[in-house]
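In what follows, a single structure is set out as structure tokens and then discussed.
The values are calculated or read from the model by the stated rules, or taken from the named source; none is laboratory data. As the structure is a computational prediction, the values presented were derived from the model and not from experiment. Reconstructed Cβ throughout: ideal geometry from the backbone, glycine too, with neighbour counts over all protein chains shown. For accessibility, only protein heavy atoms count, side chains too; no ligands or nucleic acids. Shrake-Rupley method; radii C 1.70, N 1.55, O 1.52, S 1.80 Å.
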Amino acid sequence: MRNLKKLILSTVILMMITGGTLLYAAAGKSDIAVYVNNVLQKHSGLLSEGDAYLSIEQLPENLHAVLSWDESAKEVRIYKPNVNMVLLDDQGKIFGKVRSAASSTFSVLVQVDHLKTDISDLKITITNPLGKMDTVDNQQIKEKKDSFWFKSAEYTYTFTEKGNYSIQVYIKDSTSKSWFIVSEMQISTI
């Protein structure tokens, strides 16, 4: 955790001071490929004197975190809430697999804790194996708490494609007004 904080702070300071352009011209610096969960990231990293520097723009999605950038204060804040979810069928039973071509009614139970920033909204989406995304639920969060439970409205969905479907939880940061994915799970067709 300490190395992650050092890496993030170093990256922010480096980007603020140089804008990233002087680094490529400096001797002893080299680009490094960055993989998260075995997926090559579009922004490469930089290795300098044994320290790795990464782009902060791609960190929130990969770490399921919230990024708050205050340009006037020259600050970047990264918040990593603990967000868990479970799928409930129309009879309240937990499930994780569905029949292909079947229509299912379900809701998503989301548990959030360790939330250290204010949020205004919570959104749950489902994405099919072809990449088509639908919104399951989207609601304002009125109570400002660092931990809460949220149960989505019931949603009916037909699982027309074979493969893995992603259920994602997004929160909207009150300061930046940006959406950040904070949890993801997959359900499979059988």
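How do the pairs read when you match residues in region 37-60 that are closer than 18 Å to Val182 by Cα with residues anywhere that are open to solvent by 80 Å² or more (accessible area, probe 1.4 Å) and assigned to a helix (DSSP H, G or I), using Cβ under 8 Å and keeping only pairs 6 or more apart or on different chains?
The qualifying pairs are Ile56/Met15.
If Ser107 passes every condition in (1) surrounded by 12 or more Cβ atoms within 10 Å (Cβ to Cβ); (2) over 19 Å from Ser183 (Cβ atoms); (3) of a type in the set (Gly, Ala, Ser) but one, which one does it miss?
Unmet for Ser107, out of (1) surrounded by 12 or more Cβ atoms within 10 Å (Cβ to Cβ); (2) over 19 Å from Ser183 (Cβ atoms); (3) of a type in the set (Gly, Ala, Ser): (2).
Looking for something closer than 30 Å to Glu154 by Cα and assigned to a loop (DSSP other than H, G, I, E, B) - is there at least one such residue anywhere in region 34-41?
no
Condition first: open to solvent by less than 20 Å² (accessible area, probe 1.4 Å) and closer than 17 Å to Ser166 by Cβ. Can you find one or more residues in region 111-121 that meet it?
No, region 111-121 contains no residue that is open to solvent by less than 20 Å² (accessible area, probe 1.4 Å) and closer than 17 Å to Ser166 by Cβ.
Give the number of residues within region 169-190 that are crowded, with 18+ Cβ neighbours inside 10 Å and in a loop (DSSP other than H, G, I, E, B).
0
Please give the strands (runs of 3 or more DSSP E) falling wholly within region 43-131 in which 1 or more residues are under 20 Å from Met185 (Cα atoms) and in contact with a Phe, Trp or Tyr (Cβ under 6 Å, 6 or more places away or on another chain).
In region 43-131, 66-70, 82-89, 103-113, 119-127 are the strands (runs of 3 or more DSSP E) which contain 1 or more residues that are under 20 Å from Met185 (Cα atoms) and in contact with a Phe, Trp or Tyr (Cβ under 6 Å, 6 or more places away or on another chain).
Sort out which residues of region 59-81 are surrounded by 15 or more Cβ atoms within 10 Å (Cβ to Cβ), farther than 16 Å from Val169 by Cα and not charged (D, E, K, R), and write them in order of number.
Once the filter is applied, which keeps residues that are surrounded by 15 or more Cβ atoms within 10 Å (Cβ to Cβ), farther than 16 Å from Val169 by Cα and not charged (D, E, K, R), region 59-81 yields Leu59, Ser68, Trp69, Val76, Ile78.
Ser166 - would you say it is surrounded by fewer than 17 Cβ atoms within 10 Å (Cβ to Cβ) and either among the acidic types (Asp, Glu) or part of a loop (DSSP other than H, G, I, E, B) (or both)?
No.
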